[in-house]
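Worksheet: the structure to be examined is printed underneath.
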Amino acid sequence: MSWLSEYRSSLKNVHAEEFLDVYFFRPIAFVIVKSFYSLPLTPNNYSFMSFASGMISAAFFYQGLFAWGAFFFFLFAVLDCCDGMQARMKKNGSEFGRFVDGLVDYVSNAACYIALGFGVVKAMPMTGSIPTVYLVIAAGVSKALHSITYDHYLMEYISYDKGDGGFVQREIEEIREKIRVTKADPNGSKRRLLILKIYLGFTSLQAGNEGRELKYNSKEYTKRNFRSIQMWGLIGPAWHITFLILAFLFNHPEWLFGYAIIFGNIWMLLMLVVQQRINRGLISSRLVA
């Protein structure tokens, strides 16, 4: 298998991946994974390295050492890709590993953004004539809105791509079944049972109300939304991460504020209009109940 074919197989869903992930962060992660492929590294090893990078980044951001914080945040973003790619390439993923990956992602991002907020406000009380604290809060709220909206349409696209509107809920049922089997086994591992319960709680929290009825023809939906999901990706996590890194690597926080508050919110509103037009055009391909 060529490196290109192997790289494509290491992606979760090449059609639903963000442009910057496919052509920047994940290729770097793939080279790292391939370079150390023969070593007995597990996906969790990469998760813990990612977590360490994230915490170091947060410490630098809090101290106002923004260039170093941006460098380690970049390292965190790359290593965060490595664990999943390693698991898919070596087929050694686990429920515990997926839980660790998600936990590291949430905790590290929260720590970095909070520390960055404090660091920026201390180092630069004013941005032009505007108190920086207002811009930090506006950028944080904007990022949260972008993430929620992007995740909604991404999950919807993946549901149609799989032809299964309840695949997340089915995964939850599979975990519950594993818990029942482990409990019924007199030799069942208590450690495995604990891990499964933790993973069940984590997956249920992530899923929310993700079970959805597929209203349209799956092929027609993915065909019409192929470009729109890429356009939604312009306010996805990878672009936010990239602007954060560039803004503080070159000491221009206004780049991040401008992207998150101005461009991001305008783009989100435009995409909501585009998405409504696309969905109206799909009425003719509704599934017959």
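What follows is calculated from the coordinates using simple rules that are stated; it is not laboratory data. Values in this document were obtained by computation on a predicted structure and should not be read as measured data. Counting neighbours? That spans all protein chains shown, and the Cβs are built from the backbone with ideal geometry, glycine included.
What is the magnitude of the charge dipole of region 42-142 about its Cα centre, with +1 placed on the Cβ of each Lys and Arg, -1 on the Cβ of each Asp and Glu, and no other charges, expressed in debye to the nearest 20? If you can, show how the numbers build up before the last one.
Numbers: 5 positive and 5 negative charges, 19 e Å.
So the magnitude is around 100 debye.
Output wanted: per-residue J couplings in Hz (rounded whole) for region 36-43, from phi through Karplus 6.51 cos²θ - 1.76 cosθ + 1.60, θ = phi - 60°, x for Gly and Pro.
10, 4, 6, 7, x, 7, 9, x
Provide the per-residue ³J(HN,Hα) series for region 156-162, in order, calculated from phi with Karplus coefficients 6.51, -1.76, 1.60 and θ = phi - 60°, each as a whole number of Hz, with x at glycine and proline positions.
Using θ = phi - 60°, the values come out as 5, 4, 5, 4, 6, 5, 7 Hz.
Kindly provide the helix-only [θ] at 222 nm of the chain, computed as the sum of -39,500 (n - 2.57) over DSSP H runs of four or more divided by all residues, to the nearest 500 deg cm²/dmol? If you can, show how the numbers build up before the last one.
Numbers: 12 runs with 209 residues, N = 289.
Calculated from helices alone, the mean residue ellipticity at 222 nm is -24500 deg cm²/dmol.
Under a straight-distance cross-link criterion of Cα-Cα below 26 Å, which lysines are reachable from Lys12, leaving out those fewer than 8 residues away in the same chain?
The qualifying lysines are Lys34, Lys90, Lys91, Lys143, Lys162, Lys178, Lys197, Lys215, Lys219, Lys223.
Starting from 0.36 nm per residue, how many nanometres of slack lie between His15 and Asp185 once their C-alpha separation is accounted for? It would help to have the intermediate numbers written out before the result.
On the way: separation 170, 0.36 × 170 = 61.20 nm, distance 4.09 nm.
That works out to 57.1 nm of additional length.
Near the amide H of Thr127, under 5 Å away, which other amide H atoms are found, from residues 5 or more places off or on another chain, if H is placed in the peptide plane?
It is Thr132, by chain and number.
For the chain, what does the relative contact order come out to in percent, with C-alpha contacts under 8 Å and a separation of six or more?
Numbers: 317 pairs, mean separation 64.6, N = 289.
Result for the chain is 22 percent.
If you build a Gaussian network model of the chain, linking Cα atoms that sit under 10 Å apart, which residue out of Leu145, Leu135, Leu41 swings the most?
Leu41
Out of residues 5 or more away from Tyr216 or on other chains, whose amide H comes under 5 Å of its own, with H placed 1.01 Å from N in the peptide plane?
Answer set, sorted by chain and number: Leu287.
Region 1-75 to region 217-289: how many Å between their Cα centroids?
Region 1-75 and region 217-289 have Cα centres separated by 23 Å.
Quick check for me: using +1 on Lys/Arg Cβ and -1 on Asp/Glu Cβ, what's the dipole size of the chain about its Cα centre, in debye to the nearest 20?
Numbers: 29 positive and 22 negative charges, 120 e Å.
Charge dipole of the chain: 580 debye, to the nearest 20.
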